[in-house]
Amino acid sequence: QAIKNKISVSFIEAIYLAPYGVQAMSQSVKGVVETSNNIAIIKLEDDKFKLLSSTRSLVESAKEETALRVGAAFEILGFKVIYNDSYPSWAPNPNSQLTKKVVAEYKKYSGKAPVVTCIHAGLECGIINSLVPGMDSISIGPNLFDVHSVNEHIEYDSAVRTMGFLRHLIKAL
């Protein structure tokens, strides 16, 4: 399939103009990305370029603003842009009552302080929190490696430790 040179050049220019990669770092959790954009998939389909872009942020307004900037790069060069589903943002609250309770219970369970941080990813907590305003939530889990690849794997000992702690936490709550 061949696409007119002018359209191909415009598409490449739009990719060049669109924000890509880390856009901002978190102000509340040191070393964690707050907002990013990933041009994830480019296809040639029905004599048209199709592009899927994934924008994530801990802050909903920053996610929306970055997505609009990506869209503007393509719209200004004549491409049609469709905005659709995304994971809702979920801002971390390392000082919440729930976090403090879980940290205290982890110390009782293991004798060690847990590492309290966040990750830059879409999580179900964001979806649930968007449906229950004001809800406090945390995410805990085992150590995972090479996530979303054919080499994805879990650290067995951390899975056992996480299951044991969850049993303890449920009883404590």
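Restricting segment 87-102 to residues that are free of Cβ contacts under 8 Å to residues at least 40 places away in the same chain and hydroxyl-bearing (Ser, Thr, Tyr), the residue that is surrounded by the fewest Cβ atoms within 10 Å (Cβ to Cβ) is Thr99.
Would you say Thr35 is farther than 17 Å from Leu17 by Cβ, modelled with pLDDT of 90 or more, touching a helix residue (DSSP H, G or I) at 6+ places or on another chain (Cβ under 8 Å) and not in a helix (DSSP H, G or I)?
Working: farther than 17 Å from Leu17 by Cβ: yes; modelled with pLDDT of 90 or more: yes; touching a helix residue (DSSP H, G or I) at 6+ places or on another chain (Cβ under 8 Å): yes; not in a helix (DSSP H, G or I): yes.
The answer is yes for Thr35.
If the condition is being surrounded by 10 or more Cβ atoms within 10 Å (Cβ to Cβ), modelled with pLDDT of 85 or more and assigned to a loop (DSSP other than H, G, I, E, B), then segment 133-155 contributes Met135, Asp136, Ser137, Ile138, Ser139, Ile140, Gly141, Pro142, Asn143, Glu152, Glu155.
Residues in segment 48-59 that are surrounded by fewer than 18 Cβ atoms within 10 Å (Cβ to Cβ), more than 13 Å from the chain's Cα centre (by Cα) and not aliphatic (A, V, I, L, M) were compared, and the one that is modelled with the lowest pLDDT is Lys48.
Residue check: is Glu60 acidic (Asp, Glu) and closer than 30 Å to Ser137 by Cα? Spell out the reasoning first.
Numbers: acidic (Asp, Glu): yes; closer than 30 Å to Ser137 by Cα: yes.
Taking the combined requirement at face value, the residue satisfies it.
Looking only at residues in segment 60-86 that are modelled with pLDDT of 90 or more and not in a helix (DSSP H, G or I), which one is surrounded by the fewest Cβ atoms within 10 Å (Cβ to Cβ)? So the residue we want is Ile82.
Residues in segment 1-29 that are more than 21 Å from Asp46 (Cα to Cα), assigned to a loop (DSSP other than H, G, I, E, B), open to solvent by 60 Å² or more (accessible area, probe 1.4 Å) and in contact (Cβ under 8 Å) with a residue 12 or more places away in the chain: Tyr20, Ser28.
The values are calculated or read from the model by the stated rules, or taken from the named source; none is laboratory data. Here the structure is a predicted model, which is why all the values come from computation and not from measurement. Every residue, glycine as well, gets a Cβ built from its backbone with ideal geometry; the counts of neighbours run over all protein chains shown. With ligands, DNA and RNA removed, areas are computed over all heavy atoms of the protein, side chains included. Shrake-Rupley method; radii C 1.70, N 1.55, O 1.52, S 1.80 Å.
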